[in-house]
Amino acid sequence: MLIVVVLLGLSALVWWASRRDGRWRETLAFAAAPLMPSLVLASLQGDLMWLLVFLPFSYFFVILSAPVYLFFRRRGWIGLWQLLIAGAILGALVCVAIGPAAITMTSAALYSGLGALTALVFWLIAFLHLQPNKSLERTRER
């Protein structure tokens, strides 16, 4: 129940910020990107029931990453490689937050990879603006 309240509060905050700044793609990215690692882990387990187990950890990652992202955006550090590195570091922090007994090199690498995957999906949704191909128009002008 607490997770639902926190997620609703975070969603309301991100929605309010997007209405104020007109950044709807970032709002969508905050909502959709955490689903990817949960889907990957559930598919590795072979059962979508595990999605319910992994989803709270994915949105816990959002709680950690939202202030980091706002700091990065203020500094202008929103390049793909910058967000991938931050995502990998935050993924390792999620591994540490789960518990010291669970920390192995394999689990740290897995969670770092999932953090980087989340950052990649976030960047693709929020910042990849597909532009129309203008090369055919330039060819017709000649």
Karplus couplings for segment 48-63 from phi (6.51 cos²θ - 1.76 cosθ + 1.60, θ = phi - 60°), rounded to Hz, Gly and Pro as x?
-> 6, 4, 5, 4, 5, 6, 7, 4, x, 5, 5, 7, 4, 4, 5, 4
When Lys and Arg each count +1 and Asp and Glu each count -1, what net charge do the other residues less than 13 Å away from His129, Cβ to Cβ, add up to?
-> +1
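All of the numbers you see were taken from the coordinates with simple rules; none came from a lab. All of these numbers come straight from a predicted model, not from anything done at the bench. Here the Cβ is made from the backbone with ideal geometry for all residues, glycine too, and neighbour counts use every protein chain on show.
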